[in-house]
Amino acid sequence: MDTPQAADTVLDDPVGRSLRGAHAGLARRRGRTATYLPGVATFAAVPSDPAPGDWADLAALLGPGALADLFSAPAIPPADWSPVFALDGLQLVGPVRTGGPDPDPDGVVELGAADVPEVLELVARTRPGPFGPRTVELGTYLGIRAGGVLVAMAGERLRPPGWTEISAVCTAPEARGRGHAAALVRTLQHRITARGERPFLHVADDNDAALRLYARLGFTERRRVRFTGARVPTSRAPGGSHLLEHHSGEDGRT
Ligand SMILES: CC(C)(COP(=O)(O)OP(=O)(O)OC[C@H]1O[C@@H](n2cnc3c(N)ncnc32)[C@H](O)[C@@H]1OP(=O)(O)O)[C@@H](O)C(=O)NCCC(=O)NCCS
């Protein structure tokens with residue numbers, strides 16, 4: 001078993017630790033709550049012991065009727081915030097690697113703002129998890145092209161101190177089984193460990209293909225997580241009592 005280079009307790013609140021740290025420039029805050037700028041990510045952070053005032057701050061930050069994507073936070077929103085999704089998943093941590101040659105294989109390219117339309121198309125076809133038009137600003141995103149067309153990608157998302165989350169790992173159906181995802185994740189693992197950090201990631205607990213891939217690359221389970229989202233109430237009654245409103249039909253994935 002590898003010894004973590006960085007304290008792994010920051011992985012209990014990866015969104016909050018990122019928004020207060022490496023991603024502070026991409027954050028919007030109110031009181032003790034925070035979220036990402038529109039289009040970057042939907043995730044929101046609340047304290048581990050949220051008081052009614054914290055939920056009021058988050059409601060004001062997100063706006064009436066907005067999705068509060070709480071990622072893996074165990075906090076339970078007030079009763080008038082209608083649940084939108086709850087998904088069981090795993091948080092995995094990668095092995096500590098020590099230097100070695102850069103494994104960047106031929107054909108792995110860095111993706112940037114100009115590639116976003118193609119990236120969004122690949123995400124829509126493969127559904128690796130939530131991804132917005134500005135998500136590539138969170139870190140390095142790498143891709144592999146075949147005949148000029150983007151067929152596989154993976155990138156860096158959350159950045160709690162000492163750690164980088166590998167995310168948006170996906171390969172177009174017609175290009176699977178050729179080692180593209182393994183090459184991309186391995187390249188990111190190398191880059192992350194080369195700067196003294198350690199990789200981690202999240203995966204839905206029924207995603208067998210991805211679980212096999214990550215196990216082969218040395219990732220091990222740190223904890224089980226539940227991803228939840230709730231909808232901010234659209235209106236509040238005078239005097240602070242809340243009017244209940246229900247919404248349904250929204251999907252959410254890791
Ligand atoms: C999970 C996913 C990214 C894997 O992508 P991929 O590029 O096919 O992955 P790889 O090619 O590296 O590995 C896939 C399989 O091909 C095999 N393989 C890799 N190179 C091979 C080769 N040259 N010849 C034969 N088989 C090969 C691997 O051993 C692996 O086998 P397994 O399914 O028995 O474990 C892809 O299925 C996907 O996009 N899924 C939908 C999005 C998603 O769920 N993403 C993960 C979110 S956490």
- [ ] Report Rg(Cα)/(2.2 N^0.38 Å) for the chain, keeping two decimals.
- [x] 1.04
Task: Nearest 10 degrees, 0 to 90: helix 180-194 Cα axis against the chain principal axis - done: 80 degrees
TODO: Just rank 76, 166, fewest to most, by other beta-carbon atoms within 10 angstrom.
DONE: 76, 166
Task: Under 16 Å from the residue 235 label point (7 Å along Cα→beta-carbon), backbone N, region 48-72 - done: 64-66
TODO: Once you have the Cα-Cα distance between residue 66 and residue 134, take 0.36 nm times their residue separation minus that, and quote the gain in nm to one decimal.
DONE: 22.6 nm
Open item on the list: Just want to confirm a number: the relative contact order over the chain, from Cα pairs under 8 angstrom separated by 6+ residues, in percent.
Closed with: 29 percent
Open item on the list: Assuming 0.36 nm per residue, please report the length gained on full extension of the stretch residue 146 to residue 125 beyond their Cα-Cα distance.
Closed with: 6.0 nm
Task: Convex hull volume per residue for region 92-223, taking Cα atoms only, in Å³ - done: 109 Å³
TODO: Compute the long axis of helix 116-126 from its Cα atoms, compare it with the longest principal axis of the Cα atoms of the chain, and write down the angle in degrees, 0 to 90, nearest 10.
DONE: 90 degrees
Task: Kirkwood-based shape ratio for region 57-154, expressed as Rg/Rh from alpha carbons - done: 1.06
- [ ] Mind sorting 149, 108 by how few other Cβ atoms lie within 10 Å of their own Cβ, fewest first?
- [x] 149, 108
Open item on the list: Can you give the FRET efficiency to the nearest 0.05 for residue 37 and residue 85, using r as the Cβ-Cβ distance and R₀ = 22 Å?
Closed with: 0.50
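Computed from the coordinates by the stated procedures, all read-outs in this text should not be read as laboratory data. Since the structure is predicted, the reported quantities are computational estimates derived from the model, not experimental observations. Here Cβ is always computed from backbone atoms with ideal geometry, including for glycine, and neighbour counts include all displayed protein chains.
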